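The values are calculated or read from the model by the stated rules, or taken from the named source; none is laboratory data. Bear in mind that the values here come from a model prediction, so they are computed numbers and not experimental data. No Cβ is skipped: glycine too gets one built from the backbone with ideal geometry, and neighbour counts run over all protein chains shown.
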Amino acid sequence: MRIPFAKLFVTSPFDGLLEHALKVKECAWAFEQATECFVAEQCLNFEEFRKQVHALENEADAIKRRIRGHLPKGTLLPVEKFQLFRYLREQDHVLDSVKDTLEWLSFRPQPGIPVDLQKNFMLLIDSVIDPLEDLSVMVEEAKIYFETFSEAQRVKVKEIIRKLRQKEHEADKLEDLLNREIFSTITDGVTVFHLVMLVEKIGSIADHAENAGDMMRAMIAK
């Protein structure tokens, strides 16, 4: 017999996972603002947004440590503890990738993206913003599932996971397109290197969001 999650804890570990996911969601806005101002060379507030992401990542780290420190040995769970921690690790890697992307942008003394590449850069950024916001929705719906074990609720979670996978696929296609455009339009080697690495770092955000979805799918599997 599967025991409802709420019966096992005064506070569900999924409360912590949701709190952590909401930090990811907060980062989405700051990340979007920072990258938009960098692309358009209107970067008076870029450093402010970058520091905001760094602060949110530190807050998320504190939540992560609290989750790991409040699962006593021998506690019954409807999922394996290692699955819970693997999910948390991937969700945390999303934040790490956001922070690393903005750090990489900050190394470039002259902001801006070549005009011919701006449209697809913004499309790539858009393709990773939705997953940043969707993670908290997925965790919230999963929390309800583990409280009820409703099949309809399980289907809701799976649909969010499917959308995460679709967004990652879109990001992959844009990464490939942008790399081709970079090599065909830019001649300066340093600029090529910076832009190619930037594309990879942005894409890694969607990669880790998809991985988090895969970990969640494993947890809700029957």
- Looking at segment 60-75, is at least one residue in contact with an Asp or Glu (Cβ under 9 Å, 6 or more places away or on another chain), assigned to a helix (DSSP H, G or I), within 18 Å of I202 (Cβ to Cβ) and not acidic (D, E)? no
- Task: Within segment 115-169, work out how many residues are of a type in the set (D, E) and closer than 21 Å to R86 by Cβ.
- Result: 4
- Note on the structure: Output for Cβ contacts, cut-off 8 Å, separation at least six or different chains, first residue on the phi > 0 side of the Ramachandran plot and modelled with pLDDT under 90 in segment 93-112, second hydrophobic (A, V, I, L, M, F, W, C) and assigned to a helix (DSSP H, G or I), reads G112/F38; G112/V39
- Query: Since I113 meets every condition but one in (1) buried (at least 18 other Cβ atoms within 10 Å of the Cβ); (2) part of a helix (DSSP H, G or I), which condition does it not meet?
  - Reply: (2)
- Note on the structure: Taking first residues from segment 10-37 that are farther than 23 Å from F107 by Cβ and second residues anywhere that are assigned to a loop (DSSP other than H, G, I, E, B), the pairs with Cβ under 7 Å that are 6 or more apart or on different chains are P13/L71
- So which residues in segment 191-203 are touching a residue at least 24 places away in the same chain (Cβ under 8 Å), within 22 Å of H93 (Cβ to Cβ) and surrounded by fewer than 21 Cβ atoms within 10 Å (Cβ to Cβ)? M197, E200, K201
- Task: Could you list, in sequence order, all residues of segment 165-190 that are surrounded by fewer than 15 Cβ atoms within 10 Å (Cβ to Cβ) and without any contact (Cβ under 8 Å) to a residue 24 or more places away in the chain?
- Result: Q166, H169, K173, D176, R180, F183, S184, T187, D188, G189, V190
- So, of the residues in segment 141-164 that are loosely packed, with under 14 Cβ neighbours inside 10 Å and within 13 Å of R217 (Cα to Cα), which turns out to be nearest to the chain's Cα centre (by Cα)? R162
- Message: If I filter segment 51-65 for residues that are more than 20 Å from the chain's Cα centre (by Cα) and loosely packed, with under 13 Cβ neighbours inside 10 Å, do I get at least one hit?
- Response: no
- Complete set of residues in segment 93-113 that are of a type in the set (K, R) and within 24 Å of E59 (Cβ to Cβ): K99
- Task: Out of the residues in segment 17-45 that are modelled with pLDDT under 90 and not in a loop (DSSP other than H, G, I, E, B), state the one that is nearest to P114 (Cα to Cα).
- Result: V39
- Hits in segment 116-161 - residues which are within 30 Å of L178 (Cβ to Cβ) and without any contact (Cβ under 8 Å) to a residue 12 or more places away in the chain: K119, D126, E159
